[in-house]
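Student: What follows is a structure written as structure tokens; I'll ask about it next.
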Amino acid sequence: MSEVEIRCAHYKDWKALALVHSESYRSAYRGIIPDDYLDEFTAAKREIYYQKALTEGTEKIALLIVDSKAVGCMIVGKSRDDDLDDTYGEIEAIYLLVEHRGNGLGKMFLNWGIDRLKELGYSNTSLWVLKENRNAIIFYERLGFVFDGAERLITRGKELVQVRCQKIMV
């Protein structure tokens, strides 16, 4: 049986976060986001982001660790969407290394993030997912998220559509 730990990230975790984020991002979006964009999404570039974020403490960042190895990262906080009220927290990002998907760890990790949002006083949560990312959409739907009709365009080497889903956390 594997030893699983989920905790808030510390400054010393910046390298592990960068590696997990870059590797899982590239594997999750291969075939959706152009390869040249994904190839530029490196751990070295994410290191800069995580060093700054962990120093400033402006985001709540979590780490999923299995058998003493970082395998997932997540960012949670207040919803950044102007059309949602102050009862909404947001799962801003959640990533797992590909070899750790499909075994219940993602569900455990997401639920941990939702619990942190509840502790921060939010009664609802939202997240954005690429419309083409069928695996993620199925995952979120199984966990009770409902799409609310909101869409937005983002550019990641090409224009992509993100759709928003919500969950009431009562």
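Student: Looking only at region 123-170, count how many residues are touching an Asp or Glu at 6+ places or on another chain (Cβ under 6 Å) and within 19 Å of SER27 (Cα to Cα).
Tutor: 1
Student: Still on this structure, I have one more. Out of (1) among the basic types (Lys, Arg); (2) in a helix (DSSP H, G or I); (3) surrounded by fewer than 16 Cβ atoms within 10 Å (Cβ to Cβ), what's the single condition that is false for ARG26?
Tutor: Failed condition: (3).
Student: For region 124-137, what are the residues that are more than 19 Å from MET74 (Cβ to Cβ) and at pLDDT 95 or above?
Tutor: Residues satisfying the conditions are LYS131, GLU132.
Student: Show the residue pairs that are 6+ apart or on different chains and have beta-carbon atoms under 7 Å apart, the first residue being within region 36-60 and within 17 Å of GLY77 (Cα to Cα), the second being of a type outside the set (Lys, Arg) and assigned to a helix (DSSP H, G or I).
Tutor: Going by the 7 Å Cβ cut-off, the qualifying pairs are TYR50/TRP14; TYR50/LEU17; TYR50/ALA18; LEU54/TYR11; LEU54/TRP14; THR55/TYR11; GLU59/ALA53.
Student: Hey, can you tell me all the residues within region 33-52 that are surrounded by 19 or more Cβ atoms within 10 Å (Cβ to Cβ) and either at pLDDT below 95 or in a helix (DSSP H, G or I) (or both)?
Tutor: LEU38, ARG46, TYR50
Student: Of the residues THR87, THR125, only one is in contact (Cβ under 8 Å) with a residue 40 or more places away in the chain and among the polar types (S, T, N, Q); which?
Tutor: Testing whether each residue is in contact (Cβ under 8 Å) with a residue 40 or more places away in the chain and among the polar types (S, T, N, Q) leaves just THR125.
Student: Could you please tell me which pairs satisfy a Cβ distance under 8 Å, a separation of 6+ or placement on different chains, a first residue in region 136-165 that is in contact (Cβ under 8 Å) with a residue 24 or more places away in the chain, and a second residue that is polar (S, T, N, Q) and surrounded by fewer than 15 Cβ atoms within 10 Å (Cβ to Cβ)?
Tutor: So the pair list comes out as LEU143/ASN111.
Student: Could you please find all residues in region 53-85 being at pLDDT 95 or above and of a type in the set (A, V, I, L, M)?
Tutor: ILE61, ALA62, LEU63, LEU64, ILE65, VAL66, ALA70, VAL71, MET74, ILE75, VAL76, LEU84
Student: Another one. Step by step: first the residues of region 114-168, then only those that are within 15 Å of the chain's Cα centre (by Cα) and among the charged types (D, E, K, R), then the one that is nearest to ILE33 (Cα to Cα). Which residue is that?
Tutor: If we take residues in region 114-168 being within 15 Å of the chain's Cα centre (by Cα) and among the charged types (D, E, K, R), then ARG164 is nearest to ILE33 (Cα to Cα).
The values are calculated or read from the model by the stated rules, or taken from the named source; none is laboratory data. Values in this document were obtained by computation on a predicted structure and should not be read as measured data. Counting neighbours? That spans all protein chains shown, and the Cβs are built from the backbone with ideal geometry, glycine included.
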